[in-house]
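Peer 1: Structure incoming, see below.
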Amino acid sequence: MDQFISFFADRLPGARTILVAGPVALFWAYLCLYIAGSLKAKRGLKTGYTRKVFHFLVFASVGAIHLAWGLPLVLLFGAATSCVIFYAVLRGRGHLLYDAIGRETDHPHSTLYIIIPYLATLIGGVTSNFLFGPLALTGYLVTGIGDAVGEPVGTRFGRHKYKVPSLVGPRSERSYEGSAAVFLASAFAISLTLLFIFDLALTPRNLVAVPLLALACTVVEAGSPRGWDNLTMQIVPAFLAKLWLS
């Protein structure tokens with residue numbers, strides 16, 4: 001525990017960074033959720049789509065920030081995003097920000113299924129950074145791209161359903177079509193990180209790793225309890241990438 005605390009204490013942004021970059025991070029986090037909410041309010045998109053728009057924008061932002069400025073700025077953006085999410089929760093149903101991520105189908109547990117993915121994202125990001133260092137980026141992109149496409153594809157094209165456990169409320173449905181999209185998007189995200197960002201050679205061994213790791217991520221996403229895939233989909237890809245590279 002002491003190592004865990006000291007790891008993040010040493011990487012907290014300084015006061016000057018918070019003053020300069022904090023308002024920018026808060027504005028961008030708000031804008032990400034506002035864009036998702038506007039797509040629902042003005043374009044009539046379903047929450048299954050707008051929720052993942054926010055999801056993708058946040059994880060893409062985290063990946064870019066991690067590459068450009070490192071973990072201290074990721075922590076700052078995470079804090080800003082937390083503020084925006086809790087503001088949306090406080091405003092509740094009927095507010096543009098809340099309606100972007102609060103599924104009507106989750107009623108009366110809509111707020112719970114905003115908080116659970118938030119906690120899953122927080123725990124997954126913190127854990128993967130502590131355990132796997134720069135390879136946490138693999139988890140960001142697999143979750144941001146791979147996990148983000150599953151629900152919209154399932155909402156639009158899902159015909160073959162299967163059930164997954166929920167810790168609260170009824171069992172949730174996913175689709176094989178959505179899981180297929182998770183596999184393809186995860187393969188893209190893993191290729192992006194391992195082969196291009198981390199400059200692995202394009203050897204047969206490394207090329208074989210991409211679909212194998214993507215398949216493992218798809219199975220993990222399919223079996224994760226409802227709302228907790230943001231945790232498993234960050235930790236598992238980072239762990240598998242570290243295992244493959246060791």
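Peer 1: Quick one: in region 193-231, which of the residues that are of a type in the set (A, V, I, L, M, F, W, C) and within 16 Å of the chain's Cα centre (by Cα) is modelled with the lowest pLDDT?
Peer 2: Step by step, filter region 193-231, then rank; the result is 222.
Peer 1: Moving on to the next point. Quick check on my filter: what residues within region 1-57 are out of contact with any helix residue (DSSP H, G or I) (no Cβ under 6 Å at 6 or more places or on another chain) and of a type in the set (Ser, Thr, Tyr)?
Peer 2: 6, 17, 34, 38, 47
Peer 1: Please tell me if residue 12 is aliphatic (A, V, I, L, M), touching a Leu at 6+ places or on another chain (Cβ under 9 Å) and within 16 Å of residue 62 (Cα to Cα).
Peer 2: Values: aliphatic (A, V, I, L, M): yes; touching a Leu at 6+ places or on another chain (Cβ under 9 Å): yes; within 16 Å of residue 62 (Cα to Cα): yes.
Yes; evaluated as a whole, the condition is true for this residue.
Peer 1: Right, residue 68: crowded, with 21+ Cβ neighbours inside 10 Å and over 14 Å from the mean Cα position of the chain (by Cα) or not?
Peer 2: No, not satisfied.
Peer 1: Let me ask you something else. Pick from 67, 73: which is more than 19 Å from residue 23 (Cα to Cα), assigned to a helix (DSSP H, G or I) and in contact (Cβ under 8 Å) with a residue 12 or more places away in the chain?
Peer 2: Going through 67, 73 in turn, just one is more than 19 Å from residue 23 (Cα to Cα), assigned to a helix (DSSP H, G or I) and in contact (Cβ under 8 Å) with a residue 12 or more places away in the chain: 67.
Peer 1: Now a separate question. So for region 84-96 (the condition being aliphatic (A, V, I, L, M), under 24 Å from residue 139 (Cα atoms) and modelled with pLDDT of 95 or more), does at least one residue qualify? Spell out the reasoning first.
Peer 2: Initial filter on region 84-96 (aliphatic (A, V, I, L, M)): 84-85, 88-90, 96.
Then keep just the ones that are under 24 Å from residue 139 (Cα atoms); that gives 84-85.
Remaining after also requiring modelled with pLDDT of 95 or more: 84-85.
Yes, region 84-96 contains at least one residue that is aliphatic (A, V, I, L, M), under 24 Å from residue 139 (Cα atoms) and modelled with pLDDT of 95 or more.
Peer 1: Continuing with this model, one more query. Test of understanding: among 8, 27, which residue is part of a helix (DSSP H, G or I), closer than 18 Å to residue 126 by Cα, of a type outside the set (Gly, Ala, Ser) and not assigned by TED's automatic domain parsing to the domain that holds residue 153?
Peer 2: On the way: 27 fails: closer than 18 Å to residue 126 by Cα.
Just a single option satisfies the conditions, and that option is 8.
Peer 1: So if I check each of 81, 47, which one is in contact with a Lys or Arg (Cβ under 9 Å, 6 or more places away or on another chain), in contact (Cβ under 8 Å) with a residue 40 or more places away in the chain, surrounded by 19 or more Cβ atoms within 10 Å (Cβ to Cβ) and not assigned by TED's automatic domain parsing to the domain that holds residue 185?
Peer 2: On the way: 81 fails: in contact with a Lys or Arg (Cβ under 9 Å, 6 or more places away or on another chain).
Exactly one residue qualifies, and that residue is 47.
Peer 1: Taking the conditions exactly as written (more than 18 Å from residue 62 (Cβ to Cβ) and not in a helix (DSSP H, G or I)), does residue 45 satisfy them or not?
Peer 2: In short, yes.
Peer 1: Still on this model: With (1) assigned to a helix (DSSP H, G or I); (2) closer than 20 Å to residue 173 by Cβ as the list, and residue 226 as the residue in question, which single condition is left unmet?
Peer 2: (1)
Peer 1: Okay, moving on. Would you point out which residue out of 104, 151 is charged (D, E, K, R) and buried (at least 23 other Cβ atoms within 10 Å of the Cβ)?
Peer 2: It is 151.
Peer 1: Condition first: modelled with pLDDT under 95, hydrophobic (A, V, I, L, M, F, W, C) and in a helix (DSSP H, G or I). Can you find one or more residues in region 101-112 that meet it?
Peer 2: yes
Peer 1: Still on this structure, please answer the following. Exactly one of these conditions fails for residue 233: (1) in a helix (DSSP H, G or I); (2) farther than 24 Å from residue 48 by Cα; (3) hydrophobic (A, V, I, L, M, F, W, C). Give me its number.
Peer 2: Residue 233 satisfies all of (1) in a helix (DSSP H, G or I); (2) farther than 24 Å from residue 48 by Cα; (3) hydrophobic (A, V, I, L, M, F, W, C) except (2).
The values are calculated or read from the model by the stated rules, or taken from the named source; none is laboratory data. As the structure is a prediction and not an experimental result, all values here were calculated from the model. Don't worry about glycine lacking a Cβ; one is built from the backbone with ideal geometry, like all the others, and counts go over all protein chains shown.
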